[in-house]
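See below for the structure under consideration.
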Amino acid sequence: MVLGEQKKKKILVVDDEPSVRESLQLILSRTYLVESATSGDEALALLEKAEQDASEHGVRQDLPNLVLLDVMMPGIDGIEILKQLCSRFPTIPVIMLTASKTVSTVVEAMKLGAIDYLSKPFDVDELLALVEETLKTAETRVHVPSQTVSSIEVETTEGDFGAMTGKHPVMAELYQKVELLAQRETTILITGESGTGKELIAREIHRRSPRNDKPFIALNCAAIPETLIESELFGHEKGSFTHAVEKRIGHFELADGGTLFLDEIGELSLPVQVKMLRFLQEQEFYRVGSPKPQTVDVRILAATNRSLENAIREGTFRQDLFYRINVVNLEMPPLRVRSGDIRVLVEHFVKKLSEQYAGKSMSLTDAAYGVLEAYSWPGNVRELENVVESLLALSAAELIDVSDLPARLRKREGSSGDLKEQVLDGSIPFEEAERAFETELILRALKQTNFVQTRAAEVLGISRRILKYKMDKLGISDSQESSSKDA
């Protein structure tokens, strides 16, 4: 492997239908290494051989990074394979593939340890987004089935606070609050800019709570179309609306006994907010199309990167719901106010990502750290991690100096007009120019539509869900939108 070249992550597809395997191979092979198995027995045999090879090499390189597992297969079905995977390979995340008639097994699969599920036929963008998110957060996910929690040591990426890294006093205070709140049943609202680690804190609260042997279910409320969010949350009965060909289990039932994390809760429509309020008050809800109330035991953690107080004044968020979810507020600090943590964060990300780049090591000069600490980091910790990964992938040097840093960190101003010249004269890599150009296009569309994401998505010719996915991936935060708007 060429120094700095990223090793593709491996995905194991387990499905008895040739058309499904071929479709997933076609969709995923451009970005990932894809291996297929036609049955549970074949999948276990492949994993056992990979484990043996990994043991002989002394590294994990031969094991898959993710398993896509069909529920219904001849012989050993997906649920039985899931049990064995969670017991024997607990660090490999599993996404279940379900047909319409098997959706009732989703609850069991999630409780056994599946990370998430996809319904057939697949939406390609949804599939790619879920796969990328799962692979990116695999090291921070804590989702262990109850029957194995006593025998499996749950590994976290660093220190006592898992993936949360930082020594700044504001972080120390945050850790103390998490320690205390994890043992309570209090509803918590986590606030802060995009990329600050709101979901990481939510997962850490769950990991330290008495519910840690039950599911942690996360839902990005902004990523689900308004017409489908109610069904995603509460589920629906067969025939309750067009295309509701089977009963669907919602996230509330999937999280029974555990924790439901609602990211970007401010994006919920007012009718759904009413139903959310009812659950918080009465501890019950109704599936769409059902007259029978459902009762579950779920702890609610919510997050937002926007001001809900402003949304209340604008009439887009209910004040009574705000008081229900904001029993305790945890504010995630932006990276720019704890720039002293940048060194430890860089070291953490180099260690975390090293295996993907053939064990490559990397350090930075004091001058390079000075540039990083002076930068405003509109995408926060997520943007910093992307920068570290870019340096590992593109730089042949093990000691990074100022000249090796991305151009946008060294030069605050720039536009697509000079990107072409910068690529052609070799001053910035093509991948960085591509990222900068895409960022500029999205920001222009947001500005043109007065920062209404639905309209901006229409201008760009993509769905709102994909727009939000790209904004998160590129580190485009509300603070960027505001500053662009004011310019």
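The values are calculated or read from the model by the stated rules, or taken from the named source; none is laboratory data. Here the structure is a predicted model, which is why all the values come from computation and not from measurement. Glycine gets a Cβ as well: all are built from the backbone with ideal geometry, and neighbour counts include every protein chain shown.
Across the range 89-119, the qualifying residues are those that are at pLDDT 75 or above, surrounded by fewer than 19 Cβ atoms within 10 Å (Cβ to Cβ) and under 15 Å from Ile249 (Cα atoms), and the one among them that is farthest from the chain's Cα centre (by Cα) is Ser119. Per the conditions (1) assigned to a loop (DSSP other than H, G, I, E, B); (2) surrounded by 15 or more Cβ atoms within 10 Å (Cβ to Cβ), the sole criterion not satisfied by Gly257 is (2).
Looking only at residues in the range 289-306 that are among the charged types (D, E, K, R) and in contact with a strand residue (DSSP E or B) (Cβ under 8 Å, 6 or more places away or on another chain), the one that is nearest to Phe261 (Cα to Cα) is Arg299. Looking across Ala182, Ala202, one residue alone is in contact with a His (Cβ under 9 Å, 6 or more places away or on another chain), over 13 Å from Pro333 (Cα atoms) and in the same structural domain as Ala303 (by TED's automatic domain parsing). It is Ala182. Which members of the range 1-15 meet the condition of being at pLDDT 90 or above and not aliphatic (A, V, I, L, M)? Lys10, Asp15 - these are the residues of the range 1-15 that are at pLDDT 90 or above and not aliphatic (A, V, I, L, M).
Residue-by-condition table, conditions (1) under 26 Å from the mean Cα position of the chain (by Cα); (2) charged (D, E, K, R):
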residue: Lys275; (1), (2): yes, yes
residue: Gly289; (1), (2): no, no
residue: Arg318; (1), (2): no, yes
residue: Val328; (1), (2): yes, no
residue: Met332; (1), (2): yes, no
residue: Tyr357; (1), (2): yes, no
residue: Ala367; (1), (2): no, no
residue: Val371; (1), (2): no, no
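A single entry from Glu347, Glu355 fulfils the requirement of being farther than 30 Å from Ile300 by Cβ, out of contact with any Asp or Glu (no Cβ under 9 Å at 6 or more places or on another chain), among the charged types (D, E, K, R) and surrounded by 15 or more Cβ atoms within 10 Å (Cβ to Cβ): Glu347. A search for C-beta distances below 6 Å between a residue of the range 380-406 that is at positive phi and in contact (Cβ under 8 Å) with a residue 24 or more places away in the chain and any residue that is in a helix (DSSP H, G or I) and among the aliphatic types (A, V, I, L, M), counting only pairs 6+ apart in sequence or on different chains, returns Asn380/Leu335.
Selection within the range 223-236: residues that are under 11 Å from Gly250 (Cβ atoms), touching a residue at least 40 places away in the same chain (Cβ under 8 Å) and out of contact with any Pro (no Cβ under 8 Å at 6 or more places or on another chain). The member of this set that is surrounded by the most Cβ atoms within 10 Å (Cβ to Cβ) is Gly235.
If you check Phe285, Phe279, Phe317 for being within 20 Å of Ile205 (Cβ to Cβ) and among the aromatic types (Phe, Trp, Tyr), only one passes: Phe279. The one condition from (1) modelled with pLDDT of 90 or more; (2) at positive phi that Gly359 does not meet is (1).
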